[in-house]
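Chemist: Below is a structure I'd like to ask you about.
Readers should treat all values here as calculations from the given coordinates under stated rules, not as data from a laboratory. Small disclaimer: the values here were computed from a predicted structure and weren't measured. No Cβ is skipped: glycine too gets one built from the backbone with ideal geometry, and neighbour counts run over all protein chains shown.
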Amino acid sequence: MKQMKRCPHCDALFTPRRPTSRYCSRQCQWANNGKDQPRKPASWYLNAKGYINGHVWENGVQRHVKQHRYLMEQALGVQLPASVDVHHINGDKSDNRLSNLLVVSHGAHSTMTGRTRTYRRGYKLALTPDQLRARSERAKQQRAAGATAFGRCV
């Protein structure tokens, strides 16, 4: 005959399925293990690309964020939309001082960072100004031809 036990959570008497069982149900086990443990306000780590990522708790929900975006959101008091980027002025991805961060649109950020990028191979053509002008004119003609083919205005 199995011996009755008392559940430490709800104080009910129950017959354990195993000799090691402490709770009458999974709900009591889950409620008693971890519910009242304090949560860390945030935990941060360095990712493979050099940014500091982390998990923060907001309104009882854990959110995964990059630290520079989170710090800028805290400073501005609003959550940043996905269409804006936070630029590191000095280029150091782990330097998240507010004086080093700048909120810019995604297109402007691509232009800013692409200007200084060095490409290992390809992408840069050694063209003369005349060749560049001819390519530009051809592209304009192709765009105009495509726009009229689909009935769109340019």
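Chemist: Suppose each label sits 7 Å from its Cα in the direction of the beta carbon; what would the residue 115-residue 10 distance come out to in nanometres?
Modeler: 6.6 nm
Chemist: Now for a separate question. Can you tell me the length gained on complete extension of the stretch residue 55 to residue 103, counting 0.36 nm per residue apart and subtracting the Cα distance? Present the calculation step by step, with values, prior to reporting the outcome.
Modeler: Details: separation 48, 0.36 × 48 = 17.28 nm, distance 2.13 nm.
Residue separation times 0.36 nm, minus the Cα-Cα distance, leaves 15.1 nm.
Chemist: So, in nm, how far is label residue 3 from label residue 33 when the simple model puts each one 7 Å beyond its Cα toward the Cβ?
Modeler: The answer from the label model is 2.2 nm.
Chemist: Same structure again: Please report the equivalent ellipsoid semi-axes of the chain, computed as sqrt(5 x eigenvalue) of the Cα gyration tensor, largest first, in whole Å.
Modeler: Values: eigenvalues 713, 101, 52 Å².
Taking √(5λ) for each eigenvalue gives 60, 23, 16 Å, largest first.
Chemist: Rounded, prolate or oblate, given the Cα gyration tensor of segment 43-101, with a/c below 1.5 counting as rounded? Write down the numbers at each step before the final one.
Modeler: Values: a/c = 1.93, a/b = 1.25, b/c = 1.55.
Oblate, since a/c reaches 1.5 and b/c is not below a/b.
Chemist: How much length is gained if the chain between residue 47 and residue 127 is pulled fully straight, taking 0.36 nm per residue apart and subtracting their Cα-Cα distance, in nm to one decimal? Please list the in-between numbers first.
Modeler: On the way: separation 80, 0.36 × 80 = 28.80 nm, distance 3.92 nm.
Residue separation times 0.36 nm, minus the Cα-Cα distance, leaves 24.9 nm.
Chemist: Here is a follow-up. Over the chain, calculate the relative contact order: mean separation of alpha carbon pairs under 8 Å at least 6 apart, over the residue count, as a percent. Could you put the intermediate results ahead of the total?
Modeler: Details: 135 pairs, mean separation 15.0, N = 154.
Computed over the chain, the figure is 10 percent.
Chemist: Positive end of the charge dipole of the chain (Lys, Arg +1 and Asp, Glu -1 on Cβ, about the Cα centre): tell me which of 110, 10, 72 has its Cα farthest that way.
Modeler: 10
Chemist: Can you return the aspartates and glutamates within cross-link range of residue 66? Criterion is Cα-Cα under 19 Å, with same-chain partners fewer than 8 residues away left out.
Modeler: List returned: 58, 85, 92, 95.
Chemist: When the chain is modelled as a GNM with alpha-carbon springs shorter than 10 Å, which of 117, 135, 17 fluctuates the most?
Modeler: 135
Chemist: Work out how much length residue 62 to residue 87 would gain on full extension: take 0.36 nm times their residue separation and subtract the Cα-Cα distance, in nm to one decimal. Please list the in-between numbers first.
Modeler: Working: separation 25, 0.36 × 25 = 9.00 nm, distance 2.45 nm.
Net length gain for the segment: 6.5 nm.
Chemist: Can you order the peptides 41-54, 65-78 by their average number of other Cβ atoms within 10 Å per residue, highest first?
Modeler: Numbers: 41-54: 12.4, 65-78: 15.7.
Averaged packing, sorted descending, gives the order 65-78, 41-54.
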